[in-house]
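Presented below is the structure to which this report refers.
The values are calculated or read from the model by the stated rules, or taken from the named source; none is laboratory data. Bear in mind that the values here come from a model prediction, so they are computed numbers and not experimental data. Every residue, glycine among them, receives a Cβ derived from its backbone with ideal geometry; neighbour counts consider all protein chains shown.
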């Protein structure tokens, strides 16, 4: 099956790379598709604090692009851009995690909220309300809202990375280097996470589904639910923190 790019020179470079693994052809492809990296990095960076350097996100995304070029097989009938975007996005999130960009104060507050969720769910036998969380944390509901707003930017990206974002940064070996044990652990995390999502209250469960499965933005979800975007952000953040606390309780994650 032919890739059939409109650019004849691009077609030639793909042929040289796919047939002979020519390094110069690979370099040409990297340069040609670099705007794709900037686009993906820009989308990810739009939800992050200004302290995160966009250049760092682009640099990480390039590794995802290289990985995509090296793994791409046109015989599968998938357009290269479609194949590459998830790998670029994954590399950007992995790089973001290694940057340890989450302030310690925000990470500490996230852990406090997770702990409050765990203690209150054990005590009440159900998910706590915002007011109950605030009382348990000995802060006002307004302060809790500010905490959740600060934590919200750490829960961007695919759900598994959002779950992991509050943890201490861990070393990564780069794209495509997962060990078989790590793959098995990821599958187990996914299975347990799906089970725990099913136990969430209806509204948080719906927000996670619309955001991660349907690809709606927080603003679009707000229109569906008839609430503000900031309220949707709070619901999403609380759901992620609640999942973190539950996964920690069962020894996963």
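Could you check, for region 53-66, whether at least one of its residues is modelled with pLDDT under 90, surrounded by fewer than 20 Cβ atoms within 10 Å (Cβ to Cβ) and not in a helix (DSSP H, G or I)?
Yes, region 53-66 contains at least one residue that is modelled with pLDDT under 90, surrounded by fewer than 20 Cβ atoms within 10 Å (Cβ to Cβ) and not in a helix (DSSP H, G or I).
Is region 208-219 home to any residue that is part of a loop (DSSP other than H, G, I, E, B), assigned by TED's automatic domain parsing to the domain that holds residue 128, without any contact (Cβ under 8 Å) to a residue 40 or more places away in the chain and at positive phi?
yes
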